[in-house]
1. Rg/Rh for the stretch 55-113 to two decimals, with Rh computed the Kirkwood way over all alpha-carbon pairs.
2. With a 1.4 Å probe and every protein chain kept in, tell me what percent of the accessible surface of the stretch 31-70 is carbon plus sulfur.
3. Classify the stretch 1-69: rounded, prolate or oblate, from the alpha-carbon gyration tensor (a ≥ b ≥ c, eigenvalue square roots; a/c under 1.5 rounded; otherwise prolate if a/b is larger than b/c)?
Amino acid sequence: MGRYRLSEPAKADIASVLRTRETMHGAEARIRCRALLTAAMRRVAADPGCPSPADRSDLSENLRSFHIRHSRNESREAPVGDPVHVIYYRAVKPSPVEIFRVLHERREPSRQFPAWLPGSPFRPVCTRSRHS
């Protein structure tokens, strides 16, 4: 079984997804969603090149995405009706898979990856001015 590590933004994304799911559909839906997310993250960690990942090097070097719907049959709970989230990750051996974000499929990912992401093509703009 592979290992994975969650970034702080990924942890916040997951908490938000689960909170929203529970608010909209109840506690059982939250449990099913959490089980599906866990199954998808385990699948990505076990086989980062698993069927169905998308190369997202346009966002950052070696970045891939995986739609959680591809793990529907691997969850230990009843299936989630219409999974709508995508896991963005990077696998660099021998390190654990790094999961950077978990985003709704309709969100524009290019706006979600800041310059702190290693290999990111996005660079911070220096806003500090110099006073002589």
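1. With Rg and the Kirkwood Rh in hand, the quotient comes to 1.01.
2. 40
3. Numbers: a/c = 2.15, a/b = 1.72, b/c = 1.25.
Note, shape of the stretch 1-69 comes out prolate.
The values are calculated or read from the model by the stated rules, or taken from the named source; none is laboratory data. Only a predicted model underlies this, so the values are computations on that prediction, with no experimental measurement involved. Ligands, DNA and RNA are excluded from the accessible area calculation, which covers all protein heavy atoms including side chains. Shrake-Rupley method; radii C 1.70, N 1.55, O 1.52, S 1.80 Å.
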